[in-house]
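Just so it is clear, none of the values below were taken in a lab; they were calculated from the coordinates. Since this is a predicted model, take the numbers as computed values, not measurements. All Cβ positions, even for glycine, are placed from backbone atoms using ideal geometry, and neighbour counts span all protein chains on display.
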Amino acid sequence: MTEKKPASRAAKKPATESPAKRSTPAKRTPTPKASAKTPAKASVPVAPAAPAPAPTRRSTRAARAAAEPVVPVTETADTGLELGSGPVPTTIAELKALHTTEIEIPLSTGEVVVVAEAEAVESAGQGEYELDQIPTRRGRQRGEVSSVPEPVAMLTPDRVLEVTREVIRPEGFPNNAVYWSTFGLVNRGDSPAVLHRKATDLAIGRRFTGGSRYVPVLTRKGGVGKTTTTALLGMALARVREDRVIAIDANPDRGTLAERFPKSTEKTVRDVVSQASSIQSFTDFSDYISRDRNRLDVLASDTDPLLSEAFDENDYNVVADIVSKYYSVVLTDCGTGIVHSVMKATLERANGLVIVSGGSFDEARLAAETLTWLESNGYADLVRKSVVSINTATQGTNLVNLKEIENHFKSRVREIVRMPYDPVLAAGSIVEWDRLKPHTRAAARELAALVMDGLE
């Protein structure tokens, strides 16, 4: 009984089948040179390779690693390159050396697709030339000049314009300390406080088109800080805005707005009305106003009590028409009460509104009644976009719940601002911005930003 040995796989496979299929040589056929204007793609079939012995189980891993995979390519590939002269590339490594930009080998067909690199360009009206004749960016920086005319597309803004990027150093601690300690390598930007300040400045400095903006400051009760609020609002606006800001004292009962600023003239609104025809320029009008260190212009009211009642609706319109030629923002201190004749002309021109309320119960109630009166007389839209300034320096503020007062006004107006106590303001004399407490200046700036945001 003889033992049958299993036949190897190499023995079972016919010896003549594989060589017969791989021994067909490819014919050399001349291929016309592809134009270099457009990249040409060609599918190259796999060329026949020399027959290799059939693998057996005794083939070691080292033998397989030593055998380098070869992907031959026929010399009839339409790649846009001349393959008729010189050695024919037979591997992918040789193809990469032929100035090609892309080689694709689809898994489905096993063909090698070569995309030839464009070696020449054509410019409209300037003919065709080689790319290597145009210097690179580094070459141009070294002073090299192109030997051929450059296409118009190469004249780009990035090449011509010299843009210098300014390094913005951060403001505020600790970001500024980090920037300097790292010699500028770490720039964390501005601190939150600086970002808030810049955002407030941007809101205050908002530009308008289409004429002046009128903002009356009023209330039904005197002694709640209406004149002081007008002064603070005007200072905050004038310090930031690049245009002109004026505050007009339209109080028919002898206002005190001009006493909050150093006087440079004794002229009043009455002089402006009586000499309106002679005011033809801002230089002429500047003789009637006082300007403080913050660039805020102030037009005083009459100081003679016998003439105070003479300033009426028509007089205010004369003054308002003149200042509209030279000022972008016009603040009006309306004085005590809201039923005098000047109030109608003031409200008809108003683009925004500031209602001043004290911190006590009766002062808050009178301010709320002011809103009711405005709503009942056709100014409901003006009320909805107005701002209420609560002066917490008045007596009785510490005895009331300010939060409840704010909640009431929030249901009727656009914004609420608390004006804190400041000894400089309590003195009732000239107001100097630099002497104010930081929280007082911050409240005035917030009020100015909110007022400007509501103007159309």
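Modelling each spin label as a point 7 Å along the Cα-to-Cβ direction, I'd like the Val400/Asp158 distance in nm, to one decimal.
Label at Val400, label at Asp158, 6.4 nm between them.
Looking at the range 205-453, what % of the alpha carbon pairs are farther apart than 21 Å?
Pairs farther apart than 21 Å: 54 percent.
Ranking Phe409, Phe311 by Cβ neighbours within 10 Å, fewest first, what do you get?
With the sparsest Cβ surroundings first, the list reads Phe409, Phe311.
R0 = 25 Å: FRET efficiency of Lys325 with Asp253, Cβ-based, nearest 0.05?
In this case the efficiency is close to 0.30.
Taking a threshold of 26 Å on the Cα-Cα distance, which of the pairs Lys263/Lys385; Lys226/Lys263; Lys385/Lys437 fall above it?
Lys263/Lys385; Lys385/Lys437
In what order do Lys226, Lys410 fall by count of nearby beta-carbon atoms within 10 Å, going from fewest to most?
By the 10 Å Cβ count, ascending: Lys410, Lys226.
Scan around Asn391 for amide H atoms under 5 Å from its own, H built in the peptide plane at 1.01 Å from N, and keep only partners 5 or more places away or cross-chain.
For Asn391, whose amide H was placed from the backbone, the distant partners under 5 Å are Ser357, Gly358, Gly359, Met419.
Please work out how much length the chain gains when fully extended from Glu266 to Asn314, using 0.36 nm per residue of separation minus the C-alpha to C-alpha distance, in nm with one decimal.
Between Glu266 and Asn314, full extension yields an extra 15.0 nm.
Taking only C-alpha pairs under 8 Å that are 6+ residues apart, what is the relative contact order of the range 312-435 in percent?
22 percent
Arrange the peptides 338-344, 277-283 so that the one whose residues have, on average, the most other Cβ atoms within 10 Å appears first.
Most protected by this proxy first, the peptides run 338-344, 277-283.
Rounded to the nearest 0.05, what FRET efficiency do Ser429 and Asp362 have when you use their Cβ-Cβ distance and R0 = 22 Å?
Given R0 = 22 Å and the Cβ-Cβ separation, E is 0.25.
Compute the distance in nm between two label points, each set 7 Å from the Cα along the Cα-to-Cβ direction, one at Ala380 and one at Ser278.
4.9 nm
For Leu399, what charge total do you get from the other residues with a beta carbon under 13 Å from its beta carbon, if Lys and Arg give +1 and Asp and Glu give -1?
-3
Need one number for the range 357-456: average projected area of the convex hull over its C-alpha atoms, nm².
For the range 357-456, averaging the hull's shadow over all directions gives 7.1 nm².
Could you compute the net charge surrounding Thr370? Neighbours are other residues with a C-beta less than 9 Å from the C-beta of Thr370; K and R count +1, D and E count -1.
+1
Could I have the simple spin-label model distance between Glu150 and Lys344, label points 7 Å from Cα toward Cβ, reported in nm to one decimal?
Result for the modelled spin labels: 7.3 nm.
Give me Thr227, Thr268, Thr256 sorted ascending by neighbouring Cβ count inside 10 Å, so fewest comes first.
Ordered by Cβ neighbours within 10 Å, fewest first: Thr256, Thr268, Thr227.
So how far, in whole Å, is the C-alpha centre of the range 337-392 from the one of the range 139-196?
Cα centroid to Cα centroid, the span is 51 Å.
Mind grabbing the base-10 log of I(q)/I(0) for the range 140-190 at q = 0.21 Å⁻¹? Debye formula, identical points on the C-alpha positions, no solvent, two decimal places.
-0.77
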